[in-house]
Amino acid sequence: MKFVTVIGARPQFIKAAPVSRELRKEHEELIVHTGQHYDANMSDIFFEELHIPKPDFNLHVGSASHGKQTGEMLAQIEEILLSEKPDYLLVYGDTNSTLAGALAAAKLHIPVVHIEAGLRSFNKKMPEEINRIMTDHVSEYLFCPTDTAIENLHNENIHHNVINVGDVMFDAVEYNKKLANESSKILEEHGLTSKEFHLITIHRAENTDDQGKMKEILGAFSQIEEVKVWPIHPRTKHKLEGYGINLDSIPNLKIIEPVGYLDMLTLESNAKKIITDSGGVQKEAYFMQVPCVTVREQTEWVETLESEANILVGTDQQKIVEAVKKEVSPTYKQVFGDGKASVKIVEAIRK
Ligand code: UD1
Ligand code: UDP
């Protein structure tokens, strides 16, 4: 069978690594990199570290408004699909690259395989929510990471080929955590002591594009005296520069460039707490059993909220500070599968 996989943003490279490894044991795969993320530390580093095969096509779409970025991808992916004639088109998650791939294939009657299907925040102001809903509704195979995702699809009357295989991000963590422990020098590089720092990641548009929310979030960071390390996403960096906000006055804050996956796993597993608005990072905090504080109004990863493993706080300054300071004793369940989601996906397609 011939697959075309469309990926373009950081979390998709990480999700594609275990699936691509498994898929290529039986099938032909061509990788299309849309170029949505293009900085070396947002793209190339993941291909190198995770041994993801080099993309067969790079569309170099770069950054633009939603319509322009998605539209350019759509036109170029269509051309590739017309000439390559794959049996399946495979996409991950909920970015503009996901939507463009799914839409291009569906219109050409090429079956779409959606990995990480069925997630919902029920907030259509998030671009990710639009991308997920649209993609799920044109997909032929919907591989879900959790039972909640299955339920969400059933509630939207999608029943055919809806399968809970577990989370491919859990596969990736299981595969790489030992290697990360052995090879990463990130703690030494930044003078960090295990469990004596908080890890921050903030990049979602709903936060970064709202100056008021960013001021609240940064106000909270100013009140948290402990060491905080923040590999800053380029979107956030550019937005803060645009607002004229300087981070120098925040005590004990170490702003660093985005890091590779192995360094990120090391930062996560050694953090005292993780403060994030990322989807993937909320889950990784759960996998590594590190308490998480999520700076968002909704999360699609509702399982993580049980027993305060993850506290959803929104952007109120005081609520963020209280959640970070709160002593929690979470219990963790195996709700994201057994680390074999990629194997199950390939098996399901074979059947
Ligand atoms: C995208 C996804 C988001 C996901 C995130 C993962 C959409 C709508 N959003 O958001 O769901 O959580 O990726 O990280 O698809 N930039 C650079 N260099 C890069 C990439 C981006 O400087 O290599 C800057 C540019 O200023 C750009 C901004 O980041 O305008 C935003 O990039 P974009 O790809 O549009 O969205 P993300 O915020 O990265
Ligand atoms: N990540 C990384 N380096 C960083 C920040 C994040 O490798 O500096 C990884 C993280 O471990 C997770 C993924 O990127 O696997 C999450 O992507 P991101 O937060 O950009 O997007 P989201 O999951 O919110 O869509």
Would you please classify the overall shape of the stretch 106-166 from the alpha carbon gyration tensor, given that a ≥ b ≥ c denote the square roots of the eigenvalues, rounded means a/c under 1.5, and beyond that prolate means a/b larger than b/c while oblate covers the rest? oblate
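For the stretch 1-131, what class follows from the C-alpha gyration tensor (a ≥ b ≥ c being the square roots of its eigenvalues): rounded when a/c is under 1.5, otherwise prolate if a/b is larger than b/c, else oblate? Working shown, then result.
Working: a/c = 1.31, a/b = 1.13, b/c = 1.16.
In terms of gyration-tensor shape, rounded.
Can I get the semi-axes of the stretch 16-58's equivalent ellipsoid? Compute them from the C-alpha gyration tensor as square roots of 5 times the eigenvalues, in angstrom, largest first. The partial results should precede the final answer.
Details: eigenvalues 76, 29, 9 Å².
One finds semi-axes of 19, 12, 7 Å for the stretch 16-58.
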Per the C-alpha gyration tensor (a ≥ b ≥ c, the square roots of its eigenvalues), the stretch 70-148 is rounded if a/c is under 1.5, else prolate if a/b beats b/c, else oblate; here it's oblate
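Suppose a student asked you for the relative contact order of the stretch 240-351, using Cα pairs under 8 Å spaced at least 6 residues apart; what percent would you report?
Values: 113 pairs, mean separation 19.0, N = 112.
For the stretch 240-351, the relative contact order is 17 percent.
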Quick check: pseudo-label points 7 Å beyond the Cα along Cα→Cβ at residue 147 and residue 40, how many nm apart are they? 4.7 nm
Expected sort for 230, 301 with the fewest Cβ neighbours (10 Å cutoff) up front is 230, 301
When 263, 248, 277 are ranked with the fewest other C-beta atoms within 10 Å first, the list becomes 248, 263, 277
When 160, 190, 198, 203 are ordered from fewest to most other Cβ atoms inside 10 Å of their Cβ, what list results? 160, 190, 203, 198
Using 16 Å as the cut-off for backbone N distance, which residues of the stretch 181-197 belong to the label zone defined by a point 7 Å from the Cα of residue 254 along Cα→Cβ? 184-197
Find the Cα radius of gyration of the stretch 183-249, compare it with 2.2 N^0.38 Å by division, and give the number to two decimals. 1.21
In whole Hz, with x marking every Gly and Pro, tabulate ³J(HN,Hα) for the stretch 296-302 from phi via Karplus 6.51 cos²θ - 1.76 cosθ + 1.60, θ = phi - 60°. 7, 7, 9, 10, 7, 9, 5
Scattering profile of the stretch 50-99 from the Debye formula, Cα beads only, expressed as log10 I(q)/I(0) at q = 0.23, 0.28 Å⁻¹, is -1.05, -1.28
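Which whole-number percent gives the relative contact order of the chain, counting Cα pairs below 8 Å spaced six or more residues apart? Before the final figure, lay out the partial values.
Details: 682 pairs, mean separation 54.6, N = 351.
Contact order relative to length: 16 percent.
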Write out the GluC sites (Glu not before Pro) in the stretch 285-351 meeting two conditions: DSSP loop, and at most 12 other Cβ atoms within 10 Å of their Cβ. 327
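Quick check: net charge around residue 203, other residues with Cβ under 11 Å of its Cβ, Lys/Arg +1 and Asp/Glu -1? Write down the numbers at each step before the final one.
Working: positive: 10, 204, 235, 237, 239; negative: 206, 209, 277.
That works out to +2.
Given a cut-off of 34 Å, what percent of all Cα-Cα pairs of the chain lie beyond it? Before the final figure, lay out each step's value.
On the way: 13155 of 61425 pairs.
When all Cα pairs of the chain are counted, 21 percent exceed 34 Å.
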Given labels modelled 7 Å from the Cα in the Cβ direction, how far is it in nm from residue 65 to residue 326? 4.0 nm
Post the alpha-carbon centroid distance, the stretch 108-127 to the stretch 11-68, in whole angstrom. 18 Å
Across the stretch 208-220, in residue order, what do the Karplus-derived ³J(HN,Hα) couplings come to in whole Hz, using 6.51 cos²θ - 1.76 cosθ + 1.60 with θ = phi - 60° and x for Gly and Pro? 5, 8, 10, 4, x, 5, 5, 5, 4, 4, 5, x, 5
Length gain on complete extension for the stretch residue 79 to residue 125, per 0.36 nm per residue less the alpha carbon to alpha carbon distance? 13.5 nm
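Every read-out reported here was derived from the displayed coordinates using simple, explicitly stated rules and does not represent laboratory data. Keep in mind it's a predicted model, so treat the numbers as computed, not measured. For neighbour counting, all protein chains shown are included, and Cβ atoms are generated from backbone atoms with ideal geometry for every residue, glycine included.
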